[in-house]
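Written out below as structure tokens is the structure these notes cover.
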Amino acid sequence: LGKWTLRRGLAKALPAAAPFAPKSGFTVPVGDWIAASGSRLGPLVARQPGVAALAHPEAVASLFASGTGRRAGFAAWSLLFFALWHRRHVQGLPPAGDIFETLSQTPAG
């Protein structure tokens, strides 16, 4: 009842907001970010142990460097998150700093 009341009030005060319109999705511009940062990010992802066990580092770096297009962007995004997941949950390494700093760190030992 609370949402409906809020939407009804919004419809009266600001009809252009279309509060009763169906939900619509949105996309995050991941492909643009990968394309802009790929040449720097690719080698970092490629050398992560989890990724290196699955794919040739040169192919991973190349994918990130050419990370234009929907399919390549999705593949690069998937490898990036696998690398971060592997560092955290398999290697037990906490994130430190931004994504570049995190992937640049090597395990102590």
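Report, by residue number, each residue of the range 65-109 that is among the aromatic types (F, W, Y) and under 12 Å from G42 (Cα atoms).
W77, F100, listed by residue number.
From A76, A61, A17, grab the single residue that is among the small types (G, A, S), in contact with a helix residue (DSSP H, G or I) (Cβ under 6 Å, 6 or more places away or on another chain) and more than 24 Å from L103 (Cβ to Cβ). Even if it seems obvious, please write down each step before you answer.
Details: A76 fails: more than 24 Å from L103 (Cβ to Cβ); A61 fails: more than 24 Å from L103 (Cβ to Cβ).
Sole residue among the options that is among the small types (G, A, S), in contact with a helix residue (DSSP H, G or I) (Cβ under 6 Å, 6 or more places away or on another chain) and more than 24 Å from L103 (Cβ to Cβ): A17.
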Within the range 74-109, residues being of a type outside the set (F, W, Y) and either at pLDDT below 90 or more than 21 Å from I34 (Cα to Cα) (or both) number 13
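The values are calculated or read from the model by the stated rules, or taken from the named source; none is laboratory data. The shown structure was predicted, so the numbers you read here are calculated from the model rather than taken from an experiment. When we count neighbours, we look across all protein chains shown, and the Cβ atoms used for this are built from the backbone with ideal geometry, even at glycine.
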